[in-house]
Structure formats: structure tokens, C-alpha cells
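S.K.: Would you mind keeping the following structure in view while I ask a few things?
The values are calculated or read from the model by the stated rules, or taken from the named source; none is laboratory data. Source: prediction; values computed, not measured. FYI the Cβ positions are ideal-geometry reconstructions off the backbone, even for glycines, and counts take in every protein chain you see. The protein model used for the area step is the full one, side chains on, heavy atoms only, and it has no ligands, DNA or RNA in it. Shrake-Rupley method; radii C 1.70, N 1.55, O 1.52, S 1.80 Å.
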Amino acid sequence: MSPIGRRNYGNHWLRKARAAYNAQDYDVALRQVNLSIHFDPVNRDAINLRNEVVAAGGYQDESIHDYLK
């Protein structure tokens, strides 16, 4: 996959994550922003949004192992 295609997928998922975050659906927003970061790991907006979703959704105390279960 070309870098341009990966960046487009990242922006696609970032837009969906912002919409879910604005609708206060934090589980969906977290899943979608993680996809955005997967496709475009240097996108600073996605990383900042992920930090906001984690803070708003109350995921700070949850380990990655608990999340994956």
C-alpha cells in the first residue's frame, strides 16, 4: 500500500473517530482513532484525539490486557 493511500485511510478513520467522539460514543471513537493511528502513525491530530478520548472515556486505569479481553 502506498504512503498516500495509508494517509487517506488514516484521515478517513480520523473523521469517523471525531464524529463518534462528538456524539460521546467513546468506545467507537477509541476503536476508530486506533485504526487511524495504525494507518498513519505520525498524524499528530489522531494522537491528540486518542489522548482526549482516553481521558473522556475513563480508560486511564485500564491496561492493554484488560482492553483486549
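S.K.: Taking the range 12-27, which residues are at pLDDT below 95 and in a helix (DSSP H, G or I)?
M.R.: Within the range 12-27, TYR26, ASP27 meet the criteria.
S.K.: When residues of the range 51-64 are filtered for being open to solvent by 80 Å² or more (accessible area, probe 1.4 Å) and in contact (Cβ under 8 Å) with a residue 12 or more places away in the chain, how many remain?
M.R.: 1
S.K.: Counting only residues that are among the polar types (S, T, N, Q) and open to solvent by less than 40 Å² (accessible area, probe 1.4 Å), which one in the range 32-43 is farthest from ARG6 (Cα to Cα)? Please lay out each step first, then the result.
M.R.: In the first step, residues of the range 32-43 are kept if they are among the polar types (S, T, N, Q); the result is 32, 34, 36, 43.
Filter once more, so that each one left must be open to solvent by less than 40 Å² (accessible area, probe 1.4 Å): 32, 36, 43.
Values: GLN32: 15, SER36: 9, ASN43: 11 Å.
Here the residue is GLN32.
S.K.: Being open to solvent by less than 60 Å² (accessible area, probe 1.4 Å) and within 20 Å of TYR59 (Cβ to Cβ): is that true of ALA46 here?
M.R.: Taking the combined requirement at face value, the residue satisfies it.
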